[in-house]
1. Out of R213, R187, which single residue is more than 16 Å from the ligand (Cβ to nearest atom), farther than 30 Å from A70 by Cα and in a loop (DSSP other than H, G, I, E, B)?
2. Within segment 69-161, which helices (runs of 4 or more DSSP H) (wholly inside it) include 2 or more residues that are in contact (Cβ under 8 Å) with a residue 24 or more places away in the chain, within 20 Å of F16 (Cβ to Cβ) and within 15 Å of the ligand (Cβ to nearest atom)?
3. Between residues in segment 184-212 that are open to solvent by 100 Å² or more (accessible area, probe 1.4 Å) and residues that are outside any helix (DSSP H, G or I), which pairs lie under 6 Å by C-beta distance while being six or more apart or on different chains?
4. Restricting to segment 58-76, what's the tally of residues that are surrounded by 10 or more Cβ atoms within 10 Å (Cβ to Cβ) and modelled with pLDDT under 95?
5. What is the one condition in (1) within 16 Å of the ligand (Cβ to nearest atom); (2) open to solvent by less than 40 Å² (accessible area, probe 1.4 Å) that F9 does not satisfy?
6. Of all residues in segment 21-56, how many are assigned to a loop (DSSP other than H, G, I, E, B) and either touching a Cys at 6+ places or on another chain (Cβ under 7 Å) or free of Cβ contacts under 8 Å to residues at least 24 places away in the same chain (or both)?
7. Answer yes if at least one residue in segment 164-173 is more than 16 Å from the ligand (Cβ to nearest atom), surrounded by 15 or more Cβ atoms within 10 Å (Cβ to Cβ), outside any loop (DSSP other than H, G, I, E, B) and more than 13 Å from the chain's Cα centre (by Cα), and no otherwise.
8. Residues of segment 86-126 being within 30 Å of T48 (Cα to Cα) and open to solvent by 50 Å² or more (accessible area, probe 1.4 Å), which ones?
Amino acid sequence: MIVHVLTLFPEIFQTFISASILKRAIDKGLVQINLINFRDYSHDKHHTVDDSPYGGGAGMVLKPEPIFEAVEAIKQGLNTEEAARLPVILLTPQGRTFNQAVAQELSTHSAMVLICGHYEGFDERIREHLVTDEISIGDYVLTGGEIPAMAVIDAVTRLAPGVLGCEESPLDESHAAGLLEYPQYTRPPEFRGWGVPEILLSGNHALIARWRREQSVKRTMERRPDMLGKVNLTPETGKKRNNVQLTRNCAIIKAEAL
Ligand code: ADE
């Protein structure tokens, strides 16, 4: 998977790409992060990338030319079909909210472009005629798109084929099955007088699996009841129950717990 990042601050990404799972994926050739400073695509002697807004107002607006040209240069290296399929994503608080389902959807692409803005905003023609998607990482405003881009890169590349080993499987973790993750414990079995649930020490894998699922459901009910409306609560039986309503899910939870 190759992620092209358009940014005025490529240095912000250096530590991020040289650590942990992402570094390992890059070293293995599974992921490539192509940092592009779109200032390099401005043509005037001051390398201008922004200008004051038409109609007046505070702040500066990112000009269309450098961003269009940087994306076009990426597409020149692709065939027509690849170029047409390439997600070109603007990081903006106005975008659709990023979540695990969006991460999964993006992880099916072999390439994508992330555009990080700064200042007051983007010339609207970038939205209308260049990007294919707009993503927000939450309802708050950051000074730029770099931190959102790192969140997207982290969540998406770890789902790319081969990036996580089977012992780090993303299938069990929070949000993967539409539920929060169950509580985890490690040695020592007693710490400052606090123990570990007996069942986890029992060696009975069927009971442990059941306990974990119950804990996942309980935790999701307590912390994120909004998530239960969308989840299939009986994956073990292989039955698909889409769009199950919260009340129905709660009945199933109670029945399962008996
Ligand atoms: N740029 C500034 N704030 C942002 C946010 N919340 N999500 C994505 N991009 C942003």
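The values are calculated or read from the model by the stated rules, or taken from the named source; none is laboratory data. A quick note: this is a predicted structure, and the numbers were derived from the prediction, not measured. Please note: Cβ atoms are built from the backbone with ideal geometry, for glycine as well, and neighbour counts cover all protein chains shown. Keep in mind that these areas ignore ligands, DNA and RNA; they rest on the heavy atoms of the full protein, side chains included. Shrake-Rupley method; radii C 1.70, N 1.55, O 1.52, S 1.80 Å.
1. On the way: R213 fails: in a loop (DSSP other than H, G, I, E, B).
It is R187.
2. Details: elements: 80-85, 100-106, 124-129, 146-157.
So the answer is 100-106, 146-157.
3. Y185/V196
4. First pass over segment 58-76, keeping only residues surrounded by 10 or more Cβ atoms within 10 Å (Cβ to Cβ): 59-75.
With modelled with pLDDT under 95 added as a condition, the list becomes 59.
Residues meeting the conditions: 1.
5. (2)
6. First pass over segment 21-56, keeping only residues assigned to a loop (DSSP other than H, G, I, E, B): 28-31, 42-49, 52-56.
Right, trim to either touching a Cys at 6+ places or on another chain (Cβ under 7 Å) or free of Cβ contacts under 8 Å to residues at least 24 places away in the same chain (or both) and you get 29, 43-48, 52, 54-56.
Looking only at that region, the number is 11.
7. No, because not a single residue in segment 164-173 is more than 16 Å from the ligand (Cβ to nearest atom), surrounded by 15 or more Cβ atoms within 10 Å (Cβ to Cβ), outside any loop (DSSP other than H, G, I, E, B) and more than 13 Å from the chain's Cα centre (by Cα).
8. Of segment 86-126, the ones within 30 Å of T48 (Cα to Cα) are 86-96, 111-126.
Answer for segment 86-126, where residues must be within 30 Å of T48 (Cα to Cα) and open to solvent by 50 Å² or more (accessible area, probe 1.4 Å): P93, Q94, R96, Y119, E120, E124, R125.
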